[in-house]
Structures are given as structure tokens and as C-alpha cells.
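The structure appears right after this line, and notes come after that.
Derivation of every value follows stated rules applied to the coordinates shown; laboratory data play no part. Not measured: the values here are computed from a predicted model. Cβ coordinates were reconstructed from backbone atoms using ideal geometry, including for glycine residues, and neighbour counts include every protein chain displayed.
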Amino acid sequence: MPIFTYTFRVLLLIGAAYLLWPPQEEDVADNSLERVLNRPVPAQAKIVFEFFPGNDYMPGLLPPTATEKLRGFLDVAEAFEARFPDTAIRFRQASAGREWVVTQLAGGTAPDILSTNVEDVWQDVHKGWYLPLDEYLEAPNSFVAEGAPGAEQWWDQFIYQAISRGKAAPDGKMYNLTYNMVETGILYNKTALDLLRVDYPETWAEMMTMLERIQANPFAQLMAELNLPFPRTPEEVVEAAHLATNPNIAGTFNRQGIKYPETVREWHTFHTLAQRSSVVPMLTNAGSIADWGTDLLFDQLYYNILPGIDLKQDPKREPYLEGYLDWDEICFLNQKGFFTKRDPRYWELYRLLKEWRRTWNKSLSGDARRGGTDLYKEFINQRGIMMWGGSWHVNRLINDPDMDFDWDVGYLPRIEPSAEWLKMTVQDFLDTVLPPNQRPDPPVSSLDMARTVDQYLRYVGPLPMPRDKSLYASDVDMCVIGGAAIQYTVTNSAFNDTGDPKTSKKLERVIQFLQFATLPEYSDPVVNENPVHIPNIHGVPITRVLEPFTRILERRYTTTKWMFTFDNRYNRVYERMLLLYLEDGITLDEFMDWQTDNLAAAAQTIIQRKKLNFDGFEKRWKELAPLRAEMTGIPEFVDR
Amino acid sequence: MLIDRFVDGKAHNYTRQSLSQITKPRSARIVSRGRTPSPNHPMQTYPTLRSSLSLYLLVLPTLFLLAIFSFVPVMMAFYNSFYEYEVGGERTWVGFQNYIDYLTADPTAMVSFVNMALLTLMAIVIRLTIPLVVAKLIHTLPNERHRYLYRLAFLIPTVVPVVAVQLIWGSLILGETGLINTLLENLGYEDLAHGWLSDPNTALIALACIGFPWITGFEVLIYYAGLSNIPESVHEAAQLDSATGIKKFLLIDVPLVLSQIKLIFMLVLINGIQGFELIFILTQGGPGFETYVPGLWMYENAFSFQKMGYASSIGVILFVVIFMLTLLNMKYFKSAEDMQGQ
């Protein structure tokens, strides 16, 4: 008997082993990841450098947005090696974590060309880990034919100059080569908006009205009154069309302001939304709000006072950026009371965000694994009507088999100003502008009732405001908030052959490779192989579906970038406390306390790190005083 | 009762008294030297350094690696805590400033220590009680086969990686479209549905509830082993004194598994003070700092903000807290064996 027992156990083990190691077909394609990472180095290759192109373009990988394994940069590398037989390029993978980058750079073992974002680079530029690219960008690209963009300056090859040049580090030098662009946008359910008989909003007030209407879910209200069929084929739609002539049905549709569905898709959306107990008007998350939301609203509220506070005109970047507050200016302005509790515009920014937040998804945690909302899934399932996403979503939406509605891309509308309120007395403001359910708490004293709204806000404290307008809005279209997608840096490993960038042959070849890779004929197959980003190189065609984002990219550049411009500690604390405030964990007043301290600490770090001297700013500040005197919403030295 | 033990490579039969004698400190044992060997007090032999040199040499490589990878980093943390230091950056002596800044000026310190204390306290209460009750219930089963099956049943879930379990809780159970919210919506309580981990009012308690009903195989097995070691004669004696049911459990079983309780207590305490994996995976300490703990701030300062000196000072503070609590535990939390040894 034991022989049977043992035989059974052995067979069981073999079976288990088979399940654990099933036979696999060897991937023999030359762009299999294993082959890409282990490309042989030819004997004649005297210069070998390493390249991490980023996971969106890593040959051998199959990102969810691509249909086949990537190979674009493999072809570029092979073409370059064919041109320079003494050179071999080794692809390397990199970990997403900052820890990896820091330890590799500190050890001098990072890939020579590394895809990494400015927020990581800027933190470490003073350590000499990255090579400034200015002198190469200002020189011709040696591979470009005469007369073509790039023949005079490599810079000229790049389409989006403001964003590309805006990536200069706090020391004024350019460490990141912006290979392509990413842009945010509001992806919206066009079928649902058509049914609601609304066009995409052009003002903030229109958007807020629309979002509130979606939140009330008129579809569910309508279905509660009518028992309508669910046509699923064109024939059934035709059959159901006669119901629209029924006065009772037509009247109910008109009363709810809903269009009678005319297509299978419209019926599907209609029934899907009607079944929902709640519909989310706007899908977003804390990360998007802390980054894009803050910058966009900041720009709306501060753009019109830029002439009075933009103290430094960078001769290289100013023509492209058209007014931009950099680190040094922010630190100086912070000492003057800007971006603190004393700054009424800063209060306004977070008031507007909170008003808007009422139409977002319940959980703002961006990671579905952490109990957050999977924005994409909610959008596809029509639980949410609008999603604050970006160009990286488009290819996925197009190829999604579950997509069952028409969608389009919009952008946040501008905020309309209401500066006339500032001149009203508080009494008139409360009586005529503010809805009766919004009253100051504690009530305004009779003495303060006689003040103007402007005086009250400057010297007493904040007042409740209507949710869809702002006293300080600049009345300009929303600016660009996306930016550089894949950015390449040259690391300290690139000149480890001599230790000196001026004499390094390896560095020379590394730069040549980057110039080679930015030729349109080599950039096109890379960028369009995985169409998640928008080309930044003249002559590279754009995938049609990404065109709406190019129109957004043509907008004016932002007034400043808050997130990722100060130190990481500032970002982390800011994002956390903003989320807590938006989730009703703390009041606006408490949030402003945190934020004032957080920004002051970050500014102090920068002042110490850069050993800033503000004498020049102080002089310019005084010169601009008459301009500021004409402006409203300038911080007063009153503790609010 | 006779207990088999290996001492000096030879098997001996000892009584519990002689065992406690062996485990006494060396100074106490020296006193008993010169006595006439007796069955209860066997003659001890102490090998010389020369005769056991080869053994020390064999241990040396392990000790060396332990020193490099464990002791040196700890010493470096002490050293770095007195500097303002970034990886790849300059090192500036700041004395106790990092400690002072963290304990007096860091807005996260108080809230994270409170969170840590609450989570640790809850973990201690849960893990010292529920697995013990379950172990006792299994131990009470009359049939050994059934006892085995139950032990197996509680042990099997431990093969699932902890991270996977935590992610399941985070997304499928506590998520916005997770089990709890779906249940509430279907029952008509959709107003109660919300992001349990993202709502500042529920995030901490939701974290503490992860793992419900908190029966982990590891602890059940430890308690079960302790309960199995209680001699049957003790139970019989208790029964003669009419101690049964809960009374017997509280007065006989619990005191006799105190060494297991002490072990679990220490493990939970250390993990509660320095561990932050669950929080890192599920909430990252948010919303705000509502679920933040000092360990996570240490990690973020070290690897996200590169403030290595500051992070080291937080690590040293946590080390001191754990060390003090361990000393208190050793001094005041006496197991049955500790008391026998006194």
C-alpha cells in the first residue's frame, strides 16, 4: 500500500510543479524585453552608454495604451549604431520610485540618459548629478539639414517653447529635454450632455449650474414619473419614437429639460443614468486638484495683478512664458504677505475649490487600491459624466470595448469676475448679492455693515461669497496646465570616462544620440507608436485623436507651478492638508494656518539653499507700488 | 515533571526546578559550584575559550555580516541624527536640533504619536485576546483530528501575502464601490456610503478594522502551543477545586500562557511603533495626517525629502520608545517561568 501512497504524492508534486512552471513559448521577436535589455555589445564598440527611455517608450514593453509591444527606440538605437559603429546603446529599466533615482545618481551608476521629471531633478541640481543642457540646446543640431528647424539652435526643433523652456531649474539652467507633451482636459459624456440639452459650458457659472443639474439626476426623476421602454436596436428606437408625440411624455421631458432619446446610444445612456441613485458630475482626485486645480485657479485669481508683483523678467524665458512667478519671486512675495492668511486672493482660491468640490466624487483618494475612486471605470460605467483626465486616456477610451456613449474633450471654463461687489457696502452685498441661506457666521457688526466689501475683506475677514463667481477673477481663459511628458536628462554617468564634460567622448556621443532621436523621422515612430503624448518636435505628425489637446496647448502658459516647484516636503504636506480640507476634515481657517506655515517653511528652505538676496526685488517692489495701489485684493498687514 | 533538554550536546532529564537553575544567570550558578552532584543538580562543565575557538570562528562571518547590515546602520542613524544631511549633499553638524525640531516644532509629531498609540493599543487588545480565545476553543475540542483541522484552517490564510490582504480590504471592502458601500446602497442607506479610508472621520477606525475578525494563524498557533504545554494534572487539580469554564480559563490558562502573551505583546508593540506598511499601502497617512504615524514620517523624510539627519532622529526616538517599553515590559510583565526563576 505505501507504494501507492508515495506514487500518488510524487504525481501530485509533479502536477504542482507543472502548474507552477507551465511550458512557455520563447519570445523570439527582436523587441522582446529580454532581448532588448541584453543586446550584445559589438566588439568594435568603444563607447557604450545606457538609456532609459521611460516606460511609455521602453522597447519590449506593452503598455495598456499600446496595441503591440513597443519597438520605436530600438530602431532609433540601431540606426544610430549603424551610423556610429564605435558606439553601443544599452537599454536599462528603472524603478519608478525616487529612492532608486537618488541611490543610482549618488552611486554614479544611473543610466547615462534617464527619463525623469523636473520635480525630481530640481531637488538635486545643486548636487551635480545632472548635466545642464543649455549650451547644446543653444547650438545647432548637427543632424538637421540647413534651413530646417534646429539648424541654428537645437531649441528651434521644439514646438511648445513656453512649456519646454519653463522646465528650467531654479538655478536658471535647463536639465530636462522635453521630448513630448501631455495635456489635461475634461473628458465628458457628450451623449449625456446632449440629452440634458446643454452645450459645453463657457463660464465657471455655467459649469457650476450644469454640474448641479447633473447631480440632481433629472433622468431618475423622469423615470420615476414615466414607464418608458428600453429600445436596444435601431428598429426598436424607431418604434419608441412615436411615444415622443404623447403629450404627457413630451411634457414631462420638457419639464425636466431632457431631450427625448433618438438613438440606441442615447437610450442606453438615458436608462443607465436613470437607474443610478446618484450620478457624479465631475470625477477627479486629490492629486489633480492639488496640482492642476491649484495652478489653474491661482492663475485665474492672480493673472490681473501680475504687473504689480512679477518682479523678475528672465531675459531667456520671459518672451515665451509671458509673466511667470518663479521660486525666488514666490519667496519674496510670501514675505510681503502673499499666499498667506493675509492674502484675500489666496482665501478665494480655496473657497472656490471647496464650492466646486461639492460636485465631485465622494472619495478623492486617487488610488482605487486605497479605497479611492477608479475615475476611468466610473466614467466608462457612466457613474460620472465628466472626468478630469488627459491625453493619456484617449487611446484607452477609443479601444475600450465597454465604451457605449459619445465623448469629447473640453477644458475648464474661465471664472467671471464680479469686481463691482467690492465697492458695495457689506449691507447691500448681503441684501442683494448673497443668497439668503448664506449668511456670515458670526454675524457682521452694524459698524462693519457700513464698510465696503473691499475694506471688510482687507481688514476684518472673509465673507461668504456666491459659489460661481469671484471678486478677483482676471476674466481670462484658463491657461495651459499640462506640460512636458517624457523628459530626458543626462546624468553624471555620461562623462565618467574622463570625469570632465568638456573632454568626455562618451558625453559627446550621448548628446549626439539625443539630437539624433529628436529628428522628426526618428521621433515620429516613437511618439506615435504609443499615442499617449503629443509630439513636441516640428515635423512629427500628431495622432488625430490627440488633436483636441493641441488646441489646449496653444493657450497661455500658467502664472506659476505650485506643486513640484518647492521642496517635496511642501508638496506632501500641501496635498495632504488640501485633501483633508476638501473632505471637511478641517475648516478653511485651519487649512490656511497649515498652508501659511507650510509655505513659509518651504520658502525659508529655498532662501537658505539658494542664499537669496532680495535687495533687487525690494527695489522693484517699491517701483511697482503705484501700480499695486490701483489693484484690489492685495494683502494688508493685518492678521486675519 | 521530567523535561528532556539538550545541554552540552547531551540529552538530560531535568525537573522544572533544575531547568530553572540552568537558566539562571551565570553569577547565580557559580554559587552552586562545588556542591556534590545530585540528580537534581548535575555537574556543569564550562568549555575553555581555546577548546571552543572553532565554534566562535564559525559564528564570526555571520556576526560580521550582522554587524555590517544591522549594527552599523543603527550606529550610523545615531551619528546622522546630529547632522543636517542629504544623500549626495553637504553634511552640517546641528547637534540636537533635529530632535528639538521634531519634538517641539513638527506639526505631525503629536498627531502621529497619538495615532500610533491608538492603533498599537487596539492591536494589542485585539491580538492578545481574540486569538487566545480561538486557540482555547480549538484546544478544548475533544478530537485531535478536529483540533488539527481547525488549526490548519486558521493557518492556511497566512499563506496569502499580507499586502494582498490589505489591498483587498482597501479596494474591495472599504473602497468607494466596495462591499460595504454596495451593501449600504442596496439596503437603502446610500447616504452612509462614503470613502471609508478617505473620510477623516472614519479613516483611522477603518484602518484598525482591517483584518476583521483579527484571527491570525500565527498567534493562534503560539497560544495553542502554550495551552498544550499546560500539564493535564493542573487542569485536573483546578477541576477538583471546582474551577471550570471561564473561571478556569482566566485563573489557570491565562497565567500559564503568560510567556506567550508576553511574546505577542512585544511583537505587536514593536510592530505598532515602528511599522507603517499598512498605512503606507492604504492611506499613506491621509487624509491630511489623520492616519499618520512617526515611522511613515521617518520614511518620507529619508527617502522622499532626503532629510536623512532628521529621519534618523525620528528613528532614534522610536528606538528609545521601544527600548523603554521593552524594559518596562521585562520588569513588570512576569510570565510563569520568570516568576519561577525568581
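The spacing between the stretch A:250-300 and the stretch A:146-183, judged by their C-alpha centroids, is 38 Å. Subtracting the Cα-Cα distance of residue A:277 and residue A:146 from their residue separation scaled by 0.36 nm leaves 40.8 nm. Extension gain for residue A:202 to residue A:403 (0.36 nm times residue separation, less C-alpha to C-alpha distance): 69.7 nm.
Can you list the trypsin sites (Lys or Arg not before Pro) in the stretch A:568-620 that are in a DSSP coil and have 13 or fewer other beta carbons within 10 angstrom? In loop regions of the stretch A:568-620 (DSSP not H, G, I, E or B), the sparsely surrounded trypsin sites (Lys or Arg not before Pro) are A:611. Annotation: for a label point projected 7 angstrom from Cα along Cα→Cβ of residue B:191, residues of the stretch A:277-296 with backbone N closer than 19 Å are A:277-280. What FRET efficiency do you get for residue A:505 and residue A:538 if R0 is 45 Å and r is their Cβ-Cβ distance, rounded to the nearest 0.05? In this case the efficiency is close to 0.90. Among beta bridges from DSSP that stay inside chain A, the antiparallel ones total about 60%. With contacts taken as Cα pairs under 8 Å and at least 6 residues apart, chain A reaches a relative contact order of 23 percent. Segment residue A:622..residue A:396, full-extension length gain: 76.1 nm, with 0.36 nm per residue of separation and the alpha-carbon distance subtracted.
The GluC sites (Glu not before Pro) found in the stretch A:266-362 that occupy coil by DSSP, while having at most 16 further C-beta atoms within 10 Å, are A:322.
Amide H contacts of residue A:451: A:426, each under 5 Å away and 5 or more positions distant or on a separate chain (H built 1.01 Å from N in the peptide plane; Pro and chain starts excluded).
Rounded to the nearest 0.05, what FRET efficiency do residue A:528 and residue B:60 give with R0 = 60 Å and r taken as the Cβ-Cβ distance? Could you check?
0.50
Looking at the stretch B:53-99, the pairs of alpha carbons with a distance over 12 Å make up 69% of the total.
Pop a pseudo-label 7 angstrom from the Cα along the beta-carbon direction at both residue A:630 and residue B:235 and give the gap in nm to one decimal. Between residue A:630 and residue B:235, the label points sit 9.4 nm apart.
With a simple spin-label model that places each label point 7 Å from the Cα along the Cα-to-Cβ direction, the separation between residue A:216 and residue A:250 comes to 2.4 nm. Taking the centroid of alpha carbons for each part, the stretch A:477-500 and the stretch A:554-614 are 24 Å apart. Can you tell me the FRET efficiency between residue A:241 and residue A:38 if r is taken as the Cβ-Cβ distance and R0 is 56 Å, rounded to the nearest 0.05? Efficiency at R0 = 56 Å is approximately 0.35.
The modelled label-to-label distance for the pair residue A:608/residue A:545, using points 7 Å beyond Cα in the direction of Cβ, is 4.9 nm.
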